[in-house]
Amino acid sequence: MKNFIFSAIMVAGFGFLSLTGFSQGTIKGKIVEAGSNEALIGASIVVDGTTIGTVTDFNGDFSLSVQAGEKQIIVSYIGYISQTLTVNVQNGQTTDLGTIEIESDAVGLDEVLVFASVAIQRKTPVAISTIDALTITEKLGTQEFPEVLQTTPGVYATKQGGGYGDGRINLRGFDSPNVAVMINGIPVNDMEWGGIYWSNWAGMADVTRSMQVQRGLGASKVAVPSVGGSINIVTKTTDAKEGGSVYTAIGNNGYKKVAFNVSSGLTDNGWAFTILGSRTSGDGYILGTEFEGYSYFANISKQINDNHILSLTGFGAPQWHNQRSRFDKQKISDWPTYKEGTRFNATYGFGVNGQRKMSAKNYYHKPQISLNHFWTINEKSSLSTSAYYSFGSGGGASARGNERSKLYGSSDYRTIEGYLDYAAIMEENAANLDGSQAIIGSSNNDHKWYGLLSTYTTELSKTLDIYSGIDIRYYIGDHNRTIRDLLGGKFFIDPQRADVEFQSGNESYINEKLSYGDKISRDYLGYVLWNGVFSQIEYNKDKLSAFFSGALSNTTYWREDKMFAAPGEEVSDKINFLGWSAKGGANYNMTNRHNVFTNIGYFSRAPYFSNVFLAKDNSNAMNDGAENEKIFSAELGYGYKSKMFTFNFNAYNTIWKDKSLSGALDSQDPDAGRYNALGVNAIHRGLEFEGNLKVNNKLSIRGMLSIGDWKWDNDVEAYTFNRDGALVNSKGEIVTNPADANTIKLDIGGVHVGDAAQTTASLGLNYKLMQNLKIGVDYRYFARLFADPGDIEDLSGTDTWQVPDAGVVDTNMRYYFKIAGLDATLSANVHNLLNNEYITDAESGSSATWEDAVVFYGFGRTGSVALKIKF
């Protein structure tokens, strides 16, 4: 009887399992972005009301087993409008939904992408890495904005001195002035010297929708300084869906952040708006580097009709932060002697009555406003136009005066604890009958920047598209210095005034007793006018896509002196430089898995304003030797893509001629002055690998390896300048004509380029521990980092000191849950989990060894926790 009962139970059990098995079916399909038809990797497909779901693979494909019957399937992806599909699943059958297109949740995004020249994998023939908003949120934590790119090939990013927003980025060994940064397709590199201050854009992480690194010449249609590559930042536009969020975070060293955003959604009459704001503050990881920053973003859009969209966008990030000066690098043997160790700041100290003081500070606000009009002329043609305006205000505090070296960490002015003895300096200034000899000045750098960018797009045939447009920019930079703190003295006599030729013999002017707010050492306006045209033709048919583009620009410089020029000679002559570029490339998809691409280009770029007016702080004299820089670049790449694995490999070679090179004559002596060399040649070549492996729906692994070989190619001569930036002759006397200036020989031919690791690698994984909990781990490695030359004349054709290799582990966690029915996310980040000690920035000494090199270390272990609630 027992055996009968057991057998009956087993038969019933197997029967139930069989019925269950036969009552299941499969749903499959492909998720792509509407318009571009680009596969969306990691899109979510969930059965409504259940936890049953899956995500798309690297081809955008998915397959999901569900019980038979009518099901509601929700398709979602961050940044896109979710879709709900009704599917009737048949027993034991596969229901193919085909290709499902989902729309962006942003109004006018497609039109913005025309400006931004965003590249597409397996179509645009350039080496690219794209970071979406989710990845930025997961990885950034308390890091600087450019540091989120550290796991992409060719990138080397550091915090430099460690102040808020003081980070830097090098791409393929090229520094900031040679890496184009664009926000919604609008160039933001400084018009006078080409670089970018990331502190001006410290709040960009809050408004960034995606960030794409295009290495090499890139796909940008406008003429930009993309010698090493370009960073295309696409901000939020206006959300098509009503809602918003609030956000709060805390972290190490008093880090605090609060943020919010609200969107109206697209109304029935075509209006929509989005606003965002945030505040970030903290004490700073480095001693004495307190900071406070705000960011704001607003966009209002009007869909006038099916053919016209008007969009007004404004954003900015006002901030102030105390800094650690570049002169505060210390010898490796000295760092352990300080109580704070590698967090020590040589400009931190105390004045009379114990008042805390800092001599290095940055403060700036650089809003940008753009009015965009998108016109769909007909089914084949469109016109996208952006008129923009940027106005910057602020500057930086630094040491000034004949005895300014006291403020750069002189051992004679240190307290027992090692801090800078401002009290002693203030007492000496107060007792000096000639006034203060060491003061804190403010270098003020305001500007106004007007621009117009317009692109006409038309379809010539089913396989040919053409883009043509104009790029106009007008820039005025207002540069002066003022007295910020007399440090105990009653007045200050500006030593630069003795060099004002038309005031020669005017003792009352030369020896004028100056006080707080008075102008010193420089006061001038720099003007830049840029007129450019560009055109690009694209061919797309079956497996082959190709492009050819050309750009022509005229750059006009002139200068207006308000301190050193004689009456009637305040405004310089205008000088013009004609620049041009030509580039092309092709991508061929050999199969649905394999593709190859190549690109080649050449461009001639105008020298920067600072290389035309070498003594820009005090003279209208032009450098007759200034000429266009010439860049040739070629690249070859291969890509592989399957459901589980993607892999990209590329090799590049860039030849750079007639570039400028500047730096400190002696990094350990602030009074030594600086140099500027023209006609420098360099060769940058290398290999880059990047891969992603999706092991299953829970685990994904990614990695990259970048191996560069970057060297200077010739010896050159350089002009020398004093500590105030004035051109000098061999006797150290100030001159205004470059023909009278002192020159030195730089033996740099064959020397490796410094300041960026020539070998970088990373390995990371993301793992979904449960449906709502995700963790990530990233290991970053860098090697072959050659120090910048501390004393440029000591190179003698040999490499500088090579910094020891280093590796860092970062971790992150995200947990999704509900609060009162609202979606919430709890996230945490730990950077440098193992608290490794490693060097990120270095300048070599005369022996080219570690013993006399001066360095900055990377941050130790830091972390943050954040909560975001959507409504």
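What GluC sites (Glu not before Pro) does the stretch 409-469 have in DSSP loop regions with at most 16 other beta carbons within 10 Å?
Values: sites: E417, E427, E428, E459; in loops: E417.
Answer in residue order: E417.
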task = Would you tally the net charge around N269, using a Cβ to Cβ cut-off of less than 15 Å, leaving N269 out, and scoring K and R as +1, D and E as -1?
result = -2
inquiry  = With unit charges on the beta carbons (Lys and Arg positive, Asp and Glu negative) and the dipole taken about the Cα centre of the stretch 205-311, which residue among V258, L287, Q214 sits farthest to the positive side?
reply    = Q214
query = So which chymotrypsin sites (Phe, Trp or Tyr not before Pro) in the stretch 651-703 end up in coil per DSSP with only 11 or fewer other C-beta atoms within 10 Å?
reply = none
Candidate aspartates and glutamates - alpha carbon under 14 Å from K448, same-chain residues fewer than 8 apart omitted = D190, E192, D478
message = Can you give me the accessible area per residue for the stretch 369-450, using a 1.4 Å probe, in Å²?
response = 43
remark   = Surrounding charge for D724, neighbours by C-beta under 14 angstrom, Lys/Arg +1, Asp/Glu -1, total +2
Added length on full extension, which subtracts the Cα-Cα distance from 0.36 nm per residue, E837 to R861 = 7.7 nm
ask   = How many angstrom lie between the C-alpha centres of the stretch 456-471 and the stretch 586-623?
value = 23
task = Mind checking the per residue accessible area of the stretch 170-219 for me, 1.4 Å probe, whole number of Å²?
result = 16
In order through the stretch 614-627: 3J(HN,Hα) via Karplus (6.51 cos²θ - 1.76 cosθ + 1.60), integer Hz, x for Gly, Pro = 4, 9, 4, 6, 9, 7, 8, 5, 9, 8, 5, x, 5, 9
note = Lys and Arg at +1, Asp and Glu at -1: neighbours of F315 with Cβ under 13 Å from its Cβ sum to +2
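Starting from 0.36 nm per residue, how many nanometres of slack lie between K543 and S63 once their C-alpha separation is accounted for? Let's see the in-between values first.
Values: separation 480, 0.36 × 480 = 172.80 nm, distance 2.64 nm.
Net length gain for the segment: 170.2 nm.
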For the stretch 689-803, alpha-carbon Rg and Dmax in angstrom = 23.6, 73
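How much accessible area per residue does the stretch 680-752 have, in Å², with a 1.4 Å probe? Could the numbers behind the result be given before it?
On the way: 3170 Å² over 73 residues.
I get 43 Å² per residue for this part.
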For the stretch 210-368, diffusion coefficient by Stokes-Einstein and Kirkwood Rh (Cα), 20 °C, 1.002 mPa s, µm²/s = 108
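Can you tell me the order of 754-761, 479-486 when each peptide is scored by its average per-residue count of other Cβ atoms within 10 angstrom, highest first? Don't skip to the end; give the middle numbers.
Values: 754-761: 22.2, 479-486: 20.4.
Descending packing order for the listed peptides: 754-761, 479-486.
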Radius of gyration and maximum dimension Dmax of the chain, Cα, Å = 29.6, 126
message = P(r) for the stretch 112-246, please, calculated from all Cα pair distances in 10 Å bins and given in %.
response = 12, 45, 34, 8, 0
task = Quick one: Debye curve from the alpha-carbon atoms of the stretch 461-503 only, equal weights, vacuum; give me log10 I(q)/I(0) at q = 0.15, 0.32 Å⁻¹ to two decimals.
result = -0.72, -1.15
remark   = In whole percent, the fraction of accessible protein surface over the chain that belongs to carbon or sulfur atoms, probe radius 1.4 Å, stands at 54
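What number, rounded to the nearest 500 deg cm²/dmol, is the helix-based mean residue ellipticity at 222 nm of the chain, given -39500 (n - 2.57) per DSSP H run of at least four residues and division by all its residues?
Numbers: 7 runs with 59 residues, N = 871.
For the chain, the value works out to -2000 deg cm²/dmol.
Percent antiparallel among DSSP beta bridges with both residues in the chain, to the nearest 5?
Around 95 percent antiparallel, to the nearest 5.
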note = A correct Stokes-Einstein calculation for the stretch 178-289, using the alpha-carbon Kirkwood radius, 37 °C and 0.692 mPa s, returns a whole-number D in µm² s⁻¹ of 199
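The values are calculated or read from the model by the stated rules, or taken from the named source; none is laboratory data. Since the model is a prediction, treat every value here as computed from it, not as a measurement. For neighbour counting, all protein chains shown are included, and Cβ atoms are generated from backbone atoms with ideal geometry for every residue, glycine included. Remember, those area values only see protein heavy atoms, side chains included, never the ligands or the DNA or RNA. Shrake-Rupley method; radii C 1.70, N 1.55, O 1.52, S 1.80 Å.
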